[in-house]
Amino acid sequence: MKRLVIALAIAVAGSLALHGQETRSATLLTTEHYLDWERVRDAQISPDGARIVYTREHVNTLEDKWDAETWVLNSDGSQHRFLVKGSSARWSPDGKRLLYLAEGEPKGSQIFVRWVDVDGPATPITHVMDTPRNIAWSPDGKSIAFSMFEPEQEKWTISLPAEPKGAKWTPAPRVVGTLHYRQDRVGFLEDGYTHLFVVPAEGGTPKALTSGKWSVGAGELRGAATIDWTPDSKSIVFDAVREGDADLKYQVSQLYVVDVTSGAIRDLVTKPGSWGDPSVSPDGKLVAFTGYEPTGRTHTVSDLFVVPIGGGAIRKISGDYDRNPNNLQWAPEGTGVYFDADDRGSRNVQFAPLNGGRVGAVTTGTHVLTFDSVSKGLVAAGTSADFDHPQDVVIYNLKQPRQITKLTDVNGDVLAGKQLAKIEEVWYTSTGNTKVQGWIVKPPAFDASKKYPLILEIHGGPFSMYNVAFNWMFENFAANNFVVLYTNPRGSTGYGSAFSNAIDHNYPGPDYDDLMAGVDTVVGKGYIDTSRMYVSGCSGGGVLSSWVIGHTDRFAAAAVRCPVIDWISMAGHTDIPLFTYSFFKKPFWEGPSDWLAHSSVMSVGKVTTPTLLMTGVLDRRTPMPQTEEYYAALKVKGVPAKLLQFNEEYHGTGTKPSNYIRTQLYMMSWFNKYTRQAGGRVSSPTSVP
């Protein structure tokens, strides 16, 4: 009953008009079912391979958030059960204890440790003021390392006259003196530094191993690991940026080694570059890591390297493999490094031999398979998803990787009896004879003899990749009788350096051609109602959706979410200003023409497409002024436009479950309002507030 009340409230609040409401269905995946949805991630197998713990999240409808729990099951899928509230669980080296993050004192997330097969409460290990991250057991099980953000408010003493007794003067201003912002939360802005700590595994006072103007965990921004212990538990390898380096170049991070007892820090890799994801070999002699030397490009595909633990020349072991390695795991004998990598919409496990031989595929298949952990016997645990199956926990033996065993089915109850979309992979040719991959999502009762409205949904990044995993948004659109096209235009990752670098210092650029060629491909199939075509996207997708409507009038309506529309003002508002500058060969004060030429606000005069704008009020990645600037220009131009400012949202408009549902309903309501007739005239059969 509780879930139903919340669902009805969201449906009423989330619709612009009656045609924005969904009809309840027992056979189609509607937004009401989202409240019953669950998510799984971070599958960790015990050292002996006998058990797996993983993080399972469900919607807390009363507090409008995702609650995380740690679940455990045997490796054969038996004894599947809830273990404890919290997330990010990690087995101790002997497999007898688990550490995890959960709400604790004095506030927020804290590290807890519990004995797995012993009754009794868990032990709170930390009582810190911010969330511990990158948590790692020492190999001897005696210590736990973690990184943590520490705010730093610069003090500026002035000879201000004393306040009169009883006066209520305004607080002193916040002094900002660095571009080194907190970046472990997307769209969050705070001055300070991230430091490395170690704490006894039985609890105690955390000892800071770094201090001053360091920020440990630069690799975390690209999903990489940050720290790893040496086998003797005496040292920790970590990646970091230091003040000065980060202010000069965005993509700079180095590898260091710290002695846990003395706190002495030394460089591990001295060559300038962006290095991260350190993984120490089983014998402690080598460190594997990923990264690249400075290229001057906005984006560079990482290679895989090794370096002696004492420092020295680095050696590339990934050969001509042209994909980003993630989640590095050494082979037990130290013969090479396993990792997973994205490739053409899928993700699989690869192996790079230490002798420099060719990188080889360990697993294959059209799925998104993660490589979260591996036992001593080379049994790996992760999650897997494909078009028809959301993420679930799986295991697979790296010695016999063809058999991937699914252990959970957390959304089986929600999907039971549901008709899902039909998904077709397409490859098509764009300008410059470029081959582009995309997917067409069709309604469950699709009939090729009928005509359907089309939504072109554009991914963010721009250096990211749509994949073949189950996508709730697309399934929900299809359940409401829309055809969805999603594609990986130039700039997307997973297709090699040349493809991602095709938009280097030219964004937006040929990616627009790729998107339009994709639309032409779908239209050419004969089942699209060309008077009802729509375009949408968030972040990088907001950049491109706003760019699209300034360069074509073929779409009847647009939903531009969390966009960048003015690169010059973006550089002064965003929490990643240095990344913004990297899109251009020179700063705007040396010549703004290139910055303006790639800003969609400069083509707003050509826009005739009714546009719905949506951004979180707390967003500092693509801040609200970007959206407001575009909205104001559209209103001056006389283009039908609405601006929705989502409460309690940072970057994106769907981290809160209710806002995710609102986003879906608002978009479909807006799209259902407009058609574009031959000759470019837009018609609106109904009105909205």
> Which shape class applies to the range 231-379: rounded if a/c is under 1.5, otherwise prolate when a/b exceeds b/c and oblate if not, where a ≥ b ≥ c are the square roots of the Cα gyration tensor eigenvalues?
Replying inline: oblate
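Computed FRET efficiency, Cβ-Cβ of Thr405 and Arg81, R0 22 Å: what is it to the nearest 0.05?
Rounded to the nearest 0.05, the efficiency is 0.75.
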> When Lys435, Lys442 are ordered from fewest to most other Cβ atoms inside 10 Å of their Cβ, what list results?
Replying inline: Lys435, Lys442
> Under a 5 Å amide H to amide H cut-off, with H placed in plane at 1.01 Å, what residues pair with Leu268 once short-range neighbours are removed?
Replying inline: Leu255, Tyr256, Val257
> Once amide H atoms are placed 1.01 Å from N in the peptide plane, what residues at a sequence separation of 5 or more from His505, or on another chain, have their amide H within under 5 Å of its amide H?
Replying inline: Thr298
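So which trypsin sites (Lys or Arg not before Pro) in the range 37-128 end up in coil per DSSP with only 12 or fewer other C-beta atoms within 10 Å?
Hits after loop and neighbour filter: Lys107.
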> What does the charge add up to near Asn327, with Lys and Arg as +1, Asp and Glu as -1, over the other residues with Cβ less than 9 Å from its Cβ?
Replying inline: -3
> What FRET efficiency comes out for the pair Trp589/Glu63, r = Cβ-Cβ distance, R0 = 60 Å, nearest 0.05?
Replying inline: 0.85
> With the dipole of the range 414-683 worked out from charges on the C-beta (+1 for Lys and Arg, -1 for Asp and Glu) around the Cα centre, which of Leu420, Val604, Phe499 lies farthest toward the positive end?
Replying inline: Leu420
> From a point 7 Å beyond the Cα of Val426 in the direction of its Cβ, which residues of the range 484-521 have a backbone N at a distance under 16 Å?
Replying inline: 484-490, 512-521
> For the range 616-629, what does the Karplus curve 6.51 cos²θ - 1.76 cosθ + 1.60, with θ = phi - 60°, yield as ³J(HN,Hα) per residue in whole Hz, taken in order and with x for Gly and Pro?
Replying inline: x, 5, 9, 5, 10, 7, 10, x, 3, x, 4, 5, 5, 4
> What ³J(HN,Hα) values, in whole Hz, does the Karplus curve 6.51 cos²θ - 1.76 cosθ + 1.60 give for the range 346-363 when θ = phi - 60°, with x put for Gly and Pro?
Replying inline: 10, 9, 9, 8, 10, 9, 10, x, 5, 6, x, x, 5, 5, x, 6, 8, 10
> What relative contact order, as a whole-number percentage, does the chain give when Cα pairs under 8 Å and 6 or more residues apart are counted?
Replying inline: 11
> Once you sort the root eigenvalues of the Cα gyration tensor of the range 315-463 as a ≥ b ≥ c, which label holds: rounded (a/c under 1.5), prolate (a/b larger than b/c) or oblate (the other case)?
Replying inline: oblate
> ³J(HN,Hα) across the range 454-467 via Karplus (A = 6.51, B = -1.76, C = 1.60, θ = phi - 60°), whole Hz, x for Gly/Pro?
Replying inline: 10, 10, 8, 9, 10, 6, x, x, x, 8, 8, 8, 5, 9
> If you take the beta carbon distance between Lys525 and Asp553 as r and set R0 to 22 Å, what does 1/(1 + (r/R0)^6) give as a FRET efficiency, to the nearest 0.05?
Replying inline: 0.50
>> For Thr126, what residues show an amide H to amide H distance below 5 Å, using hydrogens built from the backbone and excluding near sequence neighbours?
In response: Ile111
> Relative contact order, percent, of the range 319-363 when contacts are C-alpha pairs under 8 Å separated by at least 6 residues?
Replying inline: 32
> Quick one: Arg358, Arg297, fewest Cβ neighbours within 10 Å first, how do they rank?
Replying inline: Arg358, Arg297
>> I want the local charge near Arg90. Using Cβ-Cβ distances under 14 Å, sum +1 for each Lys or Arg and -1 for each Asp or Glu among the other residues.
In response: +2
> By average Cβ neighbour count within 10 Å, what is the ranking of 472-482, 633-643, 591-601 from highest down?
Replying inline: 472-482, 591-601, 633-643
>> Taking the beta-carbon count within 10 Å as an exposure proxy, list Cys562, Cys538 from fewest neighbours to most.
In response: Cys538, Cys562
>> Could you work out [θ]222 nm for the chain from helices alone, using -39500 (n - 2.57) per DSSP H run of at least four and dividing by all its residues? Round to the nearest 500 deg cm²/dmol.
In response: -4000 deg cm²/dmol
>> Counting only other residues whose beta carbon sits under 14 Å from that of Tyr534, what net charge do I get with K and R as +1, D and E as -1?
In response: +2
>> Could you work out the relative contact order of the range 414-683? I mean the mean sequence separation of Cα pairs under 8 Å and 6+ apart, divided by the number of residues, in percent.
In response: 16
> How many angstrom separate the Cα center of the range 442-460 from the Cα center of the range 260-333?
Replying inline: 44
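Read-outs throughout are calculated quantities, based only on the coordinates presented, and are distinct from any laboratory measurement. Note that the structure is a prediction, hence the values are computed from the model and not measured. Quick reminder, even Gly has a Cβ in these numbers, built from the backbone with ideal geometry, and neighbours come from all protein chains shown.
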